[in-house]
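Worksheet for the structure shown next.
No lab work stands behind these numbers, since they all come straight from the coordinates. The structure displayed is predicted, hence computed values, not measured ones. Note: ideal-geometry Cβ built from the backbone for every residue, glycine included; neighbour counts use all protein chains shown.
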Amino acid sequence: MTVLTTERLVVRDWTAEPGDLARIYDIYSRAEVVRWLGAAPGLPLTDPSGAVDRLAAWRERHAAHGDRYGTWAIETRADGRVVGTVLLKPLPGRDERVPTTDIEVGWHLHPDSWGHGYATEAARALVARELATGTPQVWAVVSPGNTASAAVARRLGMAYAGRRTDWYGGEELDAFVLRAGA
């Protein structure tokens, strides 16, 4: 299902089709991608069957959200190539089980798709859609040292809000925020 489209991209549900599962594995088995995802359980993927589990976890996490929140594939409109993942969801709190009221936008792109503005374009569309619902602000949390993701957050117009430990089990993260009307 298509969630939204931009000039160059389609943001859509990940599927259990072999091509999508292969791309999930290819992205989330790479050290240069998962090194920035903190203590995410099950990463890096070490076997292609792990992509099935990752997809199931995303579906379970967002089952009650309809298409408002999710973890979606980013696909180029020109050739249908999946370049990565974009997500919009309530940030998990310090206990990592109970979601907060803070909404996070995030992105994980395959290295062959870095540097083309795909993360910025997909995230910008999701943030605009979320702010239009009345959400007062959207957050991006970035592992310290991930200058590329910090640059995406800044291109989105997000302001640096300091290093915080409010989410993801108290992990120390650089927080960026975009407030409605900013």
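For the charge dipole of the stretch 3-122, defined by +1 on Lys and Arg C-beta atoms and -1 on Asp and Glu C-beta atoms about the Cα centroid, which residue among ALA51, LEU4, ALA16 has the Cα displaced farthest towards the positive pole?
It is LEU4.
Just the number, please: percent antiparallel of the DSSP beta bridges in the chain, rounded to the nearest 5.
Percentage antiparallel, nearest 5: 95.
Expressed as a whole number of Å, what is the distance separating the alpha-carbon centroids of the stretch 110-180 and the stretch 51-71?
20
Determine the dipole magnitude for the stretch 24-182: charges of +1 sit on the beta-carbon of Lys and Arg, -1 on that of Asp and Glu, nothing else is charged, the reference point is the Cα centre, and the result goes in debye to the nearest 20.
Taking the Cα centre of the stretch 24-182 as origin, the dipole is about 400 debye.
Which peptide among 97-110, 158-171 comes first, and what is the full order, when sorted by highest mean count of other Cβ atoms within 10 Å?
97-110, 158-171
Name the long-range amide H neighbours of VAL83: under 5 Å, sequence gap of 5 or more, or other chain; modelled H, no Pro or chain starts.
HN-HN under 5 Å from VAL83: ILE74, GLU75, THR76.
In the neighborhood of TYR69, defined by Cβ-to-Cβ distances under 15 Å, what is the net charge if each Lys or Arg adds +1 and each Asp or Glu adds -1?
Surrounding charge for TYR69 is 0.
Compute the Cα gyration tensor for the stretch 20-59, then decide on rounded, prolate or oblate, letting a ≥ b ≥ c be the square roots of its eigenvalues: rounded whenever a/c is under 1.5, prolate when a/b is larger than b/c in the other cases, and oblate in all that remain.
oblate
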